[in-house]
Structures are given as C-alpha cells and as structure tokens.
Amino acid sequence: MSRTVTVDQPSSDMVINISLDTLAKQKQALVFCNTKRGAESQAERVAQKIKTNDTALAKLALDILKALPSPTKQCKRLARCIEKGTAFHHAGLHSKQRDLIETKFREGVVKVICSTPTLAMGLDLPAFRVIIRDLKRFGGGGSWGMNDIPVLEYHQMAGRAGRPGMEDYGEAIILAETKDQKEMRAEQYIHGEPEQIFSKLAVEPVLRTYVLSLIASEFIATYDGLYEFFGKTFYAKQYGDTTKLNNILDMMVQQLEEWEFLKVADSEVNGDFVSANEVRDGKLEATLLGKRVAELYLDPYTAHFLITCLKRATDKGMQDFAILHMLASCLEMRPLLRPRVKELDELVERTNKYIGELLAPEPSQYSEEYEEFLKTMKTAVFFQDWIDEIQEDVLLETLGIAPGEVRSKLERADWLVYATEELARILNYQMFRTPLAKMRLRLKHGAKEELLPLLKLRGIGRVRARKLHNSRIKSIELVKKADYATLASLVGKKTALSIKKQVGQDLAPEKVQVKTGKRKGQKSVKDF
C-alpha cells in the first residue's frame, strides 16, 4: 500500500525533516544513499539538527574511536555523529565499528543510520521507517552515468521497514520533488515488476570453478555426467540451448586440461583425427594440482596466473613489490583502488622503478589494459605502505582507502599468498616458500621484516613490536634478557608477564615494578 507522508519542514533537506519527525515519534529510521561519501555527509547533516547529551551515546562514541589503534578522520566524524544518535554505515568502516552500530541500533541507542545499499543485503536490521534518498547510481548497465537502481534493489531496501512483533506496520519512503516525479517513481518502483533473476553460473569464473570442483571431488567423472548435472540447473533452464551449453562445458574442460588441472583418461585413439564424440568418451580426472586448486576455492584462471608468475620468478627472482603486485593483479582483489589524477605521475615513477621485477607484465601505455594496470599498481602501493607500517589514518588521507577496505583487501591477500605458497609447494618451487611466508606475516601485521621475530609472541602487534625494537629489544633472546620493568613500561604489565612466560620465564605479577607516570604503552581514552 502506498501513501503520502506529510511532516513538518524545518529544513530544506527532506531527509532531515523525515528523520526528525521519526525521532519525534520515538521511532528509528534507515536512510539509503548511493555512495559512502553521501551516507557520511547525510548522517552529519541530520546530527547537526539533534540536541542530546545521552551518556550511552557518549560511551558508544568512545568505543567507536577505540576500534582502531590510531583513529582516522572518518572515525572522528563517525564518533561526532554517534554522540547525537545518528551513524553512517558502509564497507569503509572497520568491522568492529559496523558491529557496534548494528548492535546499538537494535538496542534502540542509535536512532538513525545513513547507509549504502549494502546494509539492505543479508542483515536483520529493521526500522520503523526506511528513507530511500537516492534512486540512481553511477555505473554501467548499457551506458556509463547515473542509472536507475533495479526494482529488486528497491524492494530489498524497502523490506527493512517495519519490525515484526514490535509494530503493526512500517513505512518505506521514496522522495519526490514534484507531482510528476512522484507519479513516475510510484509507477516504476512501488507498482513496477521486479527484474528477471539470472543464474550466477552465467559468469565464466563461477562456472569454471564449479566444473573443476565437481570433477576434483569425484562427484562427476564423465562428460555425460557433466552435461546431465548442468542440464538440471537454473542456468540451463535460462540458457535454453542444451547443445551450446554443452559446447561451453567442453571448452571449459579443454581449458582446464591445458592448464594441467584436469586430464581426460582413455581418450586416445588410433590415427591423427579424433572426433568430438571420441574425446567425450574419456574419463575426467583432476590432477593433484587441480585438486589443490579446488580445495583452495581459487578460480582456476587465478591459479594459472599465479603459477605463471612463479615460473617467471625462476628467472627474475621474487622481490617484495613483485609479490604485492602479483596479488593486486588477481581477479579476486577487485574492486581495485582507482588512481586519482594527482597520483598518476608517482605511479608511473613506481612502475619504472619496479618494471624489471614485476611478475605480471606491464601492458602498452596506449592499450585499453593500461588503466587497469595502474589500478593494480596503486593497490600494490597500498600493500607496500601497509607493510612499511604506515598508519590507517595516513592511508585514508594519502590513498583514499578506509579502514574497512583495508581489512577486506588484507583478508583476500592473506588467502592468495597462502594459495601461492601451496602452489609453490606442489610444483616444487621450494625457493619461493620462504619469501611468501614472510610476506604473509608482514601483511597480517602490517610490519617491516625486522619486526618478524617479535611478532611471533602472542599479544605483540606491530605497534608494540616497534616500541620494543626501537628500545633495542629486537629478538626473542633480547626479550629474555630484558628487565621486567622495562618491558612493562613499553607494553604494559600484563603483556610483559605474558611474553616473559612465553620465553620460558614465568614470574609472579607482584615482582613487576613500574614507576608511576612512566608507562609508554597504550593511550587512555582521554588521550583521544
């Protein structure tokens, strides 16, 4: 059922007016915006119109700041919004911050969340009102520019309105500035038909991955079994042409065989000519390499790319930046960081500096691939800055990558480095396993190689490791020799006791003496 919502107009911003009206009714609202920046600025504008001194919100704001060792400008902006009962929510936030916002919204502490559409997908976070501010988004879909969002996406966002068991109804609100716009949007979204759903198997990397997985798990062992399985899928129903679908599967198998992930047994016949039917009579088997690729959940294309890089490294060697650029060049690392105009010259300089080391070749500057190559370079530069111990607030300022995106990229990088290590082991490239293992640890902790010995200790991250290293405690042996009070002043009493115990020196807590006011460890909340 659709109806017109009428509210007071204290502001020219309709979202502010509806949000304030929602608060006056002692209800909660979700506001959907089409960009991260739009969600942040909208939350700030709503917060500016709210007056409150809620102690629960003040405590939550401090928790938001403490989510990162060094709060970024984004963290501080979010904390200021939280103090007024509003928040912004998007993939750029640290996972701890997103969890805090979601939990406190469910508890009724946070009243208004301004979010990108990601909040509408898979999260149980209902509200009395859903305000859909933006019905257009920049992207492709036939033509680049601002395009209407799908009706299905509108339904997904509008479905967050209303809390079952708590309220009889909810309100999903589309904004319209004129009568004609109101009628057009109501017809398109409220009364419009949802778009057709398409099978994910239509995407080549997904289909390729499933073909290998089915054969590697021995669920399927013949071409006929492969045809029969995919013939029963939603993809086959949509595709319609069984013969063409089988030809696509044939090409997939042939490609996987060329990459040595599969082998077709008993398919040899006398003579030079082999018919398609004779080839299809063979048994499909995964090689040892193919089985491991399937177990790693890697797209076979990515696995082939990583193997190609390992082969190139036998001639070029495997330098740190080359590893990072290899990771950035994998399909799984998308979306890549987009270079800003002011960064282009520096990226070209870095390219020239490392060009002889790169394991993924540089395309011609005049080709269509070069723009994508610069994105991989910027992503590799981010990884390099991270392992050089650049703080997240600086990364946000210089490269435009938010803490949430940092964590997402690092999780994927960890998986890809481990996968590369496994491929090197199977292919007997033993000389590359050590540099890959070191890089995995450095990416995990965001630290230079000199800190690796200290990072083996539980409770020691890059900040504490750097403090110890700068105080000339650079190894496990020097941790053993270090005075307890010195360690406690650097990393805190509990951590000092813990690391002493880890190196075989168990000491009663009362024996650690720390002079008052001399502690150099973590800052208190008041320091923010």
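Bear in mind that the values in this text are calculations on the coordinates, not laboratory data. Everything quoted here is computed from the prediction, not taken from an experiment. Reconstructed Cβ throughout: ideal geometry from the backbone, glycine too, with neighbour counts over all protein chains shown.
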*Once the Cα atoms of the range 286-390 are picked out, what are the Rg and Dmax in Å?*
14.6, 48
*asked:* Per-residue counts of other Cβ atoms within 10 Å, averaged by peptide: what ranking do you get for 487-499, 313-325, highest first?
replied: 487-499, 313-325
*Name the shape class, rounded, prolate or oblate, that the alpha-carbon gyration tensor gives for the range 451-505, where a ≥ b ≥ c are the square roots of its eigenvalues, rounded holds for a/c under 1.5, and otherwise prolate holds if a/b is larger than b/c and oblate otherwise.*
rounded
*asked:* A 24 angstrom limit on the alpha carbon distance is what I want to check against. Which of LYS59/LYS409; LYS27/LYS59; LYS36/LYS409; LYS66/LYS474; LYS49/LYS73 exceed it?
replied: LYS59/LYS409; LYS66/LYS474
_Over the chain, equivalent-ellipsoid semi-axes from the Cα gyration tensor in Å_ = 43, 40, 21
*Relative contact order of the range 14-190, defined on C-alpha pairs under 8 angstrom at six or more residues apart (%)*: 25 percent
*Using the beta-carbon distance between LEU478 and LYS438 and R0 = 25 Å, what value does 1/(1 + (r/R0)^6) give for FRET efficiency, to the nearest 0.05?*
0.80
*Go ahead and run the numbers for FRET between VAL394 and LYS25, Cβ-Cβ distance against an R0 of 45 Å, rounding to 0.05.*
0.55
*For a paramagnetic label modelled at 7 Å from the Cα of PHE138 toward its Cβ, which residues of the range 336-370 fall within the zone defined by backbone nitrogen distances under 18 Å?*
336-344
*Report relative contact order for the chain in percent, whole number only (criteria: Cα-Cα under 8 Å, sequence separation at least 6).*
10 percent
*Over the range 274-433, what relative contact order in percent results from Cα pairs under 8 Å that are six or more residues apart?*
27 percent
_Using DSSP to call loops (not H, G, I, E or B), can you name the chymotrypsin sites (Phe, Trp or Tyr not before Pro) in the range 361-466 whose Cβ has at most 10 other Cβ atoms within 10 angstrom?_
TYR366
*Would you check the range 119-258 for Lys pairs whose C-alpha atoms are within less than 25 Å, ignoring same-chain pairs closer than 8 in sequence, and give me the count?*
7
*Quick one: which of 47-59, 18-30 comes out on top by average Cβ neighbours within 10 Å, and what's the full order, highest first?*
18-30, 47-59
*Hey, what do the phi angles of the range 206-213 turn into as Karplus ³J(HN,Hα) couplings, whole Hz, using 6.51/-1.76/1.60 and θ = phi - 60°, x for Gly and Pro?*
5, 4, 4, 5, 5, 4, 5, 4
*In nanometres, what is the gap between the two model label sites at ARG407 and THR103, each 7 Å from Cα along Cα-to-Cβ?*
1.2 nm
*Among the lysines, which have Cα under 19 Å from the Cα of LYS342 when same-chain residues fewer than 8 positions away are ignored?*
LYS353, LYS375, LYS378
*Which residues make up the longest stretch of the chain clear of GluC sites (Glu not before Pro) that lie in a DSSP loop with no more than 11 other Cβ atoms within 10 Å, not counting the sites?*
369-528
_3J(HN,Hα) from dihedral phi, the range 105-118, Karplus parametrisation 6.51/-1.76/1.60, rounded to Hz, x for glycine, proline_ = 5, 4, 7, x, 6, 7, 9, 9, 10, 9, 9, 7, x, 4
*Under the classification rounded if a/c is under 1.5, otherwise prolate if a/b is larger than b/c and oblate if not, where does the range 354-450 fall, given a ≥ b ≥ c as square roots of the Cα gyration tensor eigenvalues?*
oblate
*Over the range 14-190, what lengths in whole Å, largest first, do the semi-axes of the equivalent ellipsoid take, defined as the square roots of 5 times the eigenvalues of the alpha-carbon gyration tensor?*
27, 19, 15
*Can you list the chymotrypsin sites (Phe, Trp or Tyr not before Pro) in the range 165-231 that are in a DSSP coil and have 15 or fewer other beta carbons within 10 angstrom?*
TYR169, PHE198, PHE219
*What FRET efficiency, computed as 1/(1 + (r/R0)^6) with R0 = 41 Å and r the Cβ-Cβ distance, is obtained for GLU368 and ALA186, rounded to the nearest 0.05?*
0.50
*Report the label-to-label distance for VAL151 and LEU507 in nanometres (one decimal), using points 7 Å from each Cα along the Cα→Cβ vector.*
7.2 nm
